[in-house]
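Working notes, structure below.
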Amino acid sequence: MIKIQLNDRQLKIIDIVKEHEPITSERIAASLNVTRATLRSDLAILTMTGILDARPKVGYFYSGVNEVNLIGNNIKERKVESVMSIPVLVKKDTSIYDTIVNMFLSDVGSIVIIDNEDYLCGVVSRKDLLKATIGGADINKMPIGMIMTRMPNIVTLNKEDTVTTAAKKIIEHEVDSVPVIERDKEDQSKMRVVGRISKTNITKLFLEMVDS
């Protein structure tokens, strides 16, 4: 059984609903002296986890649930391998221009850079590419390897890591996605990229469990 880690405002919302149910989001916002928009994410979390029940044109009720077991345990046990997607890879000698085209065609927020032996050697984000274009460099001639983030500053995951570990790394390092790697058996410093896990992957998993 996993205890939900609620913030102070979410706890206050629960107390308000307990005392005044049914109560609308407008009244909850007024009680806390904040806007409805400010409360939107808090109310979404409290309803999705079953702590509050929302009824259209009526308001919010306290459902009496304050712990999540099934969803929490399922997410805790899921491995990265089961939710990862196909990585978008580019060779380090590829031009910045071609990398930008690849990024937008693939609709991703970051691209993994590999060396001539197909091992991980870097990562670039949309912000990195934007800086390169603003800087006045000839992006048709400059290789992506010139601006990429290099090891050891690249966050990685293994296939056997949990989705919880993936979520923590994405949040802690403020990245769009994390490459999933397999280390070379003969040289552990060399890593092949076998997948990627992003905020979208984790959100889809959560929604899949809630809707199941």
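The values are calculated or read from the model by the stated rules, or taken from the named source; none is laboratory data. Computed from a predicted structure; not experimentally measured. Positions of Cβ are backbone-derived with ideal geometry, glycine not excepted, and every protein chain shown enters the neighbour counts.
Out of everything in segment 5-19 that is surrounded by fewer than 15 Cβ atoms within 10 Å (Cβ to Cβ) and of a type outside the set (S, T, N, Q), what residue ends up being nearest to Tyr60 (Cα to Cα)?
It comes out as Lys18.
Somewhere in segment 117-128, is a residue at negative phi and part of a loop (DSSP other than H, G, I, E, B)?
Yes: segment 117-128 contains one or more residues that are at negative phi and part of a loop (DSSP other than H, G, I, E, B).
Any residue that is touching a Ser or Thr at 6+ places or on another chain (Cβ under 6 Å), modelled with pLDDT of 90 or more and not aliphatic (A, V, I, L, M) - is there at least one of those in segment 154-175?
Taking every residue of segment 154-175 in turn, none turns out to be touching a Ser or Thr at 6+ places or on another chain (Cβ under 6 Å), modelled with pLDDT of 90 or more and not aliphatic (A, V, I, L, M).
Restricted to segment 162-178, and to residues that are outside any helix (DSSP H, G or I) and surrounded by fewer than 24 Cβ atoms within 10 Å (Cβ to Cβ), which residue is farthest from the chain's Cα centre (by Cα)?
In this case the residue turns out to be Thr162.
Looking at segment 195-212, which of its residues are modelled with pLDDT of 85 or more, surrounded by fewer than 17 Cβ atoms within 10 Å (Cβ to Cβ) and not polar (S, T, N, Q)?
Lys199 - this is the single residue of segment 195-212 that is modelled with pLDDT of 85 or more, surrounded by fewer than 17 Cβ atoms within 10 Å (Cβ to Cβ) and not polar (S, T, N, Q).
Could you pull out the residue among Thr156, Thr133, Thr149 that is under 16 Å from Val88 (Cβ atoms), more than 18 Å from the chain's Cα centre (by Cα) and free of Cβ contacts under 8 Å to residues at least 60 places away in the same chain?
Testing whether each residue is under 16 Å from Val88 (Cβ atoms), more than 18 Å from the chain's Cα centre (by Cα) and free of Cβ contacts under 8 Å to residues at least 60 places away in the same chain leaves just Thr149.
So, Val155, is that one in contact with a strand residue (DSSP E or B) (Cβ under 9 Å, 6 or more places away or on another chain) and part of a strand (DSSP E or B) or not?
So Val155 fails the test.
I'm checking my understanding of the structure. Among residues of segment 92-130 that are over 25 Å from the mean Cα position of the chain (by Cα) and not acidic (Asp, Glu), which one is farthest from Asp176 (Cα to Cα)?
Asn116
Could you please give the count of residues in segment 43-83 that are at pLDDT 85 or above and in contact with a Ser or Thr (Cβ under 9 Å, 6 or more places away or on another chain)?
Result for segment 43-83: 9.
Is it true that some residue in segment 36-49 is in a loop (DSSP other than H, G, I, E, B), touching a residue at least 12 places away in the same chain (Cβ under 8 Å) and either touching a strand residue (DSSP E or B) at 6+ places or on another chain (Cβ under 6 Å) or surrounded by 12 or more Cβ atoms within 10 Å (Cβ to Cβ) (or both)? Break it down into steps so the answer makes sense when it comes.
First pass over segment 36-49, keeping only residues in a loop (DSSP other than H, G, I, E, B): 49.
Next, from what is left, pick out any that are touching a residue at least 12 places away in the same chain (Cβ under 8 Å): 49.
Filter once more, keeping what is either touching a strand residue (DSSP E or B) at 6+ places or on another chain (Cβ under 6 Å) or surrounded by 12 or more Cβ atoms within 10 Å (Cβ to Cβ) (or both): 49.
Yes, there is a match, as at least one residue in segment 36-49 is in a loop (DSSP other than H, G, I, E, B), touching a residue at least 12 places away in the same chain (Cβ under 8 Å) and either touching a strand residue (DSSP E or B) at 6+ places or on another chain (Cβ under 6 Å) or surrounded by 12 or more Cβ atoms within 10 Å (Cβ to Cβ) (or both).
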